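Q: Take this structure, written in structure tokens, and hold onto it; I'll ask about it next.
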Amino acid sequence: MKESPNKGIIYAIVFGSLVIAGALVFLGMQMKGSGMDDAALDIKIEEGINRFIEKQKGVQQRQQQDRQKVVNQKVKNVRRVSPGRDHIFGNPNAPISLIEYSDFECPFCKRFHGTAKQIIQNYKGKVNWVYRHFPLQFHNPQAQIKSEGVECANELGGNRMFWKLTDMLYLGNTPTGKNFTVEKMVAMAGKAGMDTKKFTACLQSGKYTARVKEDLNEGASIGITGTPGTVVLNNRTGEVVFKAGAYPFEAFQRDIDRMLR
């Protein structure tokens, strides 16, 4: 997942506070020369710093809200779910879809994986889960290998095998980063019950590189910048709600319940 925008807010506030504090101290020295005692001077400086911090918070929050509005507009163009193209967990004809753009190397995606399963189980055919690839550049080549690997699993064993290997990657003790290799991907495929020779040939062919990139480009075009990026889509009305990050079950429940009414 990309760095939180909240860190940018904090950095701006801290830097700005240092600048304004310096200015207030200089002003305080001038005021002290006019006879103001130290206690009164300290109060004035603290009040000035607090006013500056609150003002900066307001500016940053408004900027973040503006960015969110842009994303909310873009995400309406999310590609609609297609059983012939998408990897769907649950009822393909469910009225609500969770369309997740995800990265197999992302720890937040690992956390969200269990939440998504919980949502599908709780709504019993009313919600399905669509997995789309979004391997972040700084997680490659490992994230790309895993994405292409589950596409090969889909080729060899269909949707069931796609989700079986996906679960193994997210829910098992799968190595990440440099500890993950093509050989380990092949070993996992064998453990899942696939023909390792056919799997190796598929993975080494690079035949699904373009498919993964297509998902990545689609996600970027609707404003996805980090993972997991999940679009809650009402398949009946076209309404969408976008959630950037590993939100808990309850955060999705509110929107899904409203859409189902």
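Q: Taking the condition of being hydrophobic (A, V, I, L, M, F, W, C) and not in a helix (DSSP H, G or I), how many residues in region 186-199 meet it?
A: Applying the first criterion (hydrophobic (A, V, I, L, M, F, W, C)) to region 186-199 yields 186-189, 192, 194, 199.
From what's left, not in a helix (DSSP H, G or I): 194.
Within region 186-199, residues that are hydrophobic (A, V, I, L, M, F, W, C) and not in a helix (DSSP H, G or I) number 1.
Q: If you don't mind, there's one more thing I want to ask. Of all residues in region 165-185 being crowded, with 19+ Cβ neighbours inside 10 Å and in a helix (DSSP H, G or I), which is farthest from the chain's Cα centre (by Cα)?
A: Within region 165-185, the first condition is being crowded, with 19+ Cβ neighbours inside 10 Å, and the residues that meet it are 165-166, 169-170, 180, 185.
After this cut, where a residue has to be in a helix (DSSP H, G or I) as well, the list is 165-166, 169-170, 185.
Working: 165: 21, 166: 17, 169: 17, 170: 15, 185: 24 Å.
Within region 165-185, the match that is farthest from the chain's Cα centre (by Cα) is 185.
Q: So for region 67-86 (the condition being more than 18 Å from residue 243 (Cα to Cα), touching a helix residue (DSSP H, G or I) at 6+ places or on another chain (Cβ under 7 Å) and modelled with pLDDT under 95), does at least one residue qualify?
A: no
Q: Among the residues of region 134-148, is there at least one that is touching a His at 6+ places or on another chain (Cβ under 9 Å), closer than 19 Å to residue 245 by Cα and outside any loop (DSSP other than H, G, I, E, B)?
A: yes
Q: Give the residues of region 77-88 that are among the hydrophobic types (A, V, I, L, M, F, W, C), surrounded by fewer than 23 Cβ atoms within 10 Å (Cβ to Cβ) and touching a Leu at 6+ places or on another chain (Cβ under 9 Å), sorted by residue number.
A: As a first pass, look at region 77-88 and keep what is among the hydrophobic types (A, V, I, L, M, F, W, C): 78, 81, 88.
Those still in the list that are surrounded by fewer than 23 Cβ atoms within 10 Å (Cβ to Cβ) too: 81, 88.
If the condition is that a residue be among the hydrophobic types (A, V, I, L, M, F, W, C), surrounded by fewer than 23 Cβ atoms within 10 Å (Cβ to Cβ) and touching a Leu at 6+ places or on another chain (Cβ under 9 Å), then 81 is the only one that fits.
Q: For region 119-133, state whether one or more residues are touching a strand residue (DSSP E or B) at 6+ places or on another chain (Cβ under 7 Å), at pLDDT 95 or above and either assigned to a helix (DSSP H, G or I) or not assigned by TED's automatic domain parsing to the domain that holds residue 233 (or both).
A: Yes: region 119-133 contains one or more residues that are touching a strand residue (DSSP E or B) at 6+ places or on another chain (Cβ under 7 Å), at pLDDT 95 or above and either assigned to a helix (DSSP H, G or I) or not assigned by TED's automatic domain parsing to the domain that holds residue 233 (or both).
The values are calculated or read from the model by the stated rules, or taken from the named source; none is laboratory data. Because the structure is a prediction, the values reported are computed rather than measured. Backbone-built Cβ (ideal geometry, glycine too); neighbour counts: all protein chains shown.
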